[in-house]
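Since the structure comes first, as structure tokens, the remarks are kept for the end.
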């Protein structure tokens with residue numbers, strides 16, 4: 001099982017390496033940031049990639065853990081915990097020598113889900129046995145992560161869809177935003193997308209066309225490897241042009257956030273009953 005070990009160096013550096021060794025002996029594939037990341041590698045990209053493929057994150061909390069640092073911009077531990085939560089990777093606090101689960105007030109709002117996690121406990125006075133017990137719990141604590149779905153959204157006024165992107169992001173969808181069809185076609189050559197969303201008309205970008213979305217849809221439909229395309233527009237336009245857009249290859253034509261959420265999750269093979277990412 002792939003296990004990501006998260007820790008503050010000033011707090012549990014030695015324990016992290018001891019746990020890493022114990023996990024390897026137990027047949028698991030542990031990752032810690034020191035010793036596992038080669039010189040010259042992009043740090044955050046490697047961390048994000050490792051967490052995305054992990055089945056469990058063990059969050060070490062010792063007596064010197066500084067919870068205030070989690071609120072600092074760019075804090076690595078906060079980044080690791082958020083990425084795990086985003087990918088539905090189970091997070092298990094590992095409390096060492098008096099380490100404790102923090103209160104909600106000690107954590108940034110986006111990390112307060114951490115206080116509801118059941119914790120494992122380790123003590124320096126019985127460390128060998130405690131490490132063995134911790135490693136033995138790993139299979140029951142872990143689960144397969146859910147990879148983020150990547151979507152391209154084409155709209156000359158992306159601010160109009162901020163609410164919808166936030167809603168879908170809670171269900172594990174990440175976005176690239178472009179404002180023209182030309183940009184969209186260039187972006188598709190550079191990235192792989194599970195879904196494309198487009199508006200219908202664009203007057204605020206280089207397209208300057210009431211039918212820009214139709215033209216893009218036809219060009220995308222001609223591609224053999226095109227992902228599903230949703231046209232997201234006004235209620236009136238959706239009613240008036242739905243049949244024609246479906247004939248041109250649209251997977252659906254939608255006009256409300258609730259319709260969009262249900263259809264996107266369906267196209268991505270995800271259940272609408274899945275709990276959104278916790279940000280309480």
Checklist entry - How big is the antiparallel share of DSSP beta bridges in the chain, given as a percent to the nearest 5? => result 5 percent
Checklist entry - Does the range 2-141 classify as rounded, prolate or oblate by the C-alpha gyration tensor (a ≥ b ≥ c root eigenvalues; a/c under 1.5 gives rounded; else a/b over b/c gives prolate, otherwise oblate)? => result rounded
Checklist entry - Using helices alone, what [θ] at 222 nm do you get for the chain, with -39,500 (n - 2.57) per DSSP H run of 4 or more residues, divided over all residues and rounded to the nearest 500? => result -12000 deg cm²/dmol
Checklist outcome for this item: Within the range 90-225, the percent of DSSP beta bridges that are antiparallel, given to the nearest 5, stands at 5 percent
Item to check | Alpha carbon convex hull of the range 86-191, projected area averaged over orientations, nm² | outcome: 9.8 nm²
Checklist entry - How many angstrom separate the Cα center of the range 157-225 from the Cα center of the range 63-104? => result 35 Å
Checklist entry - Arranged from highest to lowest average of other beta-carbon atoms within 10 Å per residue, in what order do the peptides 171-177, 198-204 appear? => result 198-204, 171-177
Checklist outcome for this item: To the nearest 10 degrees, the tilt of helix 9-25 (Cα long axis) against the first principal axis of the alpha carbons of the chain is 90 degrees
Checklist entry - What FRET efficiency comes out for the pair residue 222/residue 243, r = Cβ-Cβ distance, R0 = 22 Å, nearest 0.05? => result 0.65
Next on the checklist: If I take every Cα pair under 8 Å that is 6 or more residues apart in the range 149-267, average their sequence separation and divide by the length, what percent do I get for the relative contact order?
Outcome noted: 23 percent
Checklist outcome for this item: So the angle from the long Cα axis of helix 257-267 to the longest Cα principal axis of the chain, reported in degrees to the nearest 10, equals 70 degrees
Checklist entry - How are the Cα pair distances of the range 149-267 distributed, in percent, across 10 Å bins from 0? => result 14, 52, 33, 1
Checklist entry - What's the angle, to the nearest 10 degrees (0 to 90), between helix 76-86's Cα axis and the longest principal axis of the chain? => result 60 degrees
Checklist outcome for this item: Square roots of five times the C-alpha gyration tensor eigenvalues of the chain, ordered largest first and given in whole Å, equal 45, 18, 17
Checklist entry - Which whole-angstrom value gives the distance between the alpha carbon centres of the range 1-15 and the range 226-244? => result 49 Å
Next on the checklist: Using the basic label-point model (7 angstrom from Cα toward the beta carbon), what is the residue 104 to residue 17 distance in nanometres?
Outcome noted: 4.0 nm
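No value in this document is a laboratory result; all are computed from the given coordinates. Just so it is clear, the model here is predicted, and its values are computed rather than measured. Positions of Cβ are generated from backbone atoms using ideal geometry, with glycine treated the same way; all protein chains shown enter the neighbour counts.
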